[in-house]
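Every read-out reported here was derived from the displayed coordinates using simple, explicitly stated rules and does not represent laboratory data. Fair warning: this is a prediction, and the values are worked out from it, not measured in the lab. Here the Cβ positions follow ideal geometry from the backbone for every residue, glycine too, while neighbour counts run over all protein chains shown.
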Amino acid sequence: MYFEVDGRKAFATTGGKNLDNAKPTVMFLHGSGLDHSFWGLQSRFFAFRNYSVLAPDYPGHTNSAGPPLETIEAIADWLNDVVEKLDASNISVVAHSQGCLVALEFASRYKERLRSVSFIASGLATPVNAALIEAAENNSGTAIEMMISWGFGPAGHLHQGPIPGNSMMVGGRNVMLRNVPETLAADLRACDAYLNGRNAAAAIDCPQQVILAGKDRMAPRKAAMELVEHLNGPELTIVEESGHMLPLEAPDRCRRLLSEFIFKNNPA
C-alpha cells in the first residue's frame, strides 16, 4: 500500500488484507537495511485473524522514498506521522533490532493509540562496530556479508528455513542489496548514536514483551537484559536455539509468543 507522508511516497504492507482502521492494528518495525518483507510470515498471520496490519518501509528503504532518516528519534516521529495519516488505532507494536530502538521512542512519546509493544532481539542501545559503519559507507558488499554472518544462528547458516528450498541468508542479502550504501549506513549511524534507551524504557506504560535469542551475536545477552531491567515488568522469553534474526529462524515460536501476548492485551 502506497501513501504520502510529508509529501513523500511511503509504503507499508498490510499482510494481504485491506487496512481497516476500525480494527486493532499490529504494526511491525524492521531492522537496519531491511524492509517490510522481513515480517512476511507474521504479518499475514495477524491480517487473517481480524487485525489490521502495517509493516512500513522506513524512508529510503525499498519502496519508500528517501532520503533515509538520520536518527532513531526522527524515525519515531515519522512513524507517528504514518499512524496519524492512516488513522490507525489500538496499536500493538512488534519490533526487531533497530526497530526496537524506534519502538522505545515511539512507545514512550506517542502513547494515546498504543496498546502493547513487543521487542525482539535488541537492547537499550545498539553500539555498532566502527569497521561495520565504515564498510557500509565505502564497501557495502562487505558490510552486508558481515551482518548476514553475524545475524543468523545455526538455522540460518545451515539453510534450515521454514520454506523448503529457500535460504534465509540469501533472502536477507537480496533485501539489503536494495538498501545500500546510503540507507544501510544511515541506519547503522542512527543505531550507534542512540542514547535515550533508559529514559524511553522507563516511560513506557502499556504492556510489554521481550523475546530474546540465545545465540544472538548482534544483541548480546547482557545488553538485551538491560532492556528487560529498565522496562516496567515485561514478559520475557529467551529462544535459546535462535540467532539475531529470530522472526525468520524461529517463525512458529515467534508467532505463538506474539499471538498469545497480543490476543491478551489487544484483542480483535
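Sorted from fewest to most neighbouring beta carbons within 10 Å, what does the list Phe48, Phe106, Phe38, Phe119 look like?
On the way: Phe48 12, Phe106 29, Phe38 23, Phe119 32.
Least to most surrounded, the residues fall as Phe48, Phe38, Phe106, Phe119.
I need to check one value: relative contact order of the range 2-265, counting alpha carbon pairs closer than 8 Å and at least 6 residues apart, in percent.
Once normalised by length, the contact order is 21 percent.
Select from Glu182, Glu112, Glu235 the residue whose mean-square fluctuation is largest in a Gaussian network model of the chain (Cα-Cα springs shorter than 10 Å).
It is Glu112.
For a quick check: sort Cys100, Cys191 by the number of other beta carbons within 10 angstrom, fewest at the front. Mind dumping the intermediate values first?
Numbers: Cys100 29, Cys191 23.
So the residues, fewest neighbours to most, are Cys191, Cys100.
For Ser32, list long-range residues whose amide hydrogen, built 1.01 Å from N in the peptide plane, is under 5 Å from its own amide hydrogen.
It is Gln98, Gly99, by chain and number.
Where nothing but the Cβ of Lys and Arg (+1) and of Asp and Glu (-1) is charged, how large is the charge dipole of the range 2-265 around its Cα centre, in debye to the nearest 20?
Dipole magnitude for the range 2-265 comes out near 740 debye.
Per residue and in Å³, how big is the convex hull formed by the alpha-carbon atoms of the range 173-235?
123 Å³
So for the chain: antiparallel DSSP bridges make up what percent, rounded to the nearest 5? Before the final figure, lay out the partial values.
Details: 7 of 30 bridges.
Looking only at bridges with both residues in the chain, the antiparallel portion is about 25 percent.
Working from the pairwise distances between different alpha carbons, so that the mean of 1/r is found and then inverted, what is the range 94-230's Kirkwood radius in Å?
One over the average 1/r among Cα pairs gives 15.9 Å for the range 94-230.
Which of Lys222, Lys17, Lys85 moves the most in a Gaussian network model of the chain with Cα springs under 10 Å?
Result: Lys222 has the largest fluctuation of those listed.
Binning at 5 Å from 0, report for the range 2-265 what percent of all alpha-carbon pair distances ends up in each bin.
Calculated P(r), rounded to whole percents: 1, 7, 14, 19, 22, 19, 13, 5, 1, 0.
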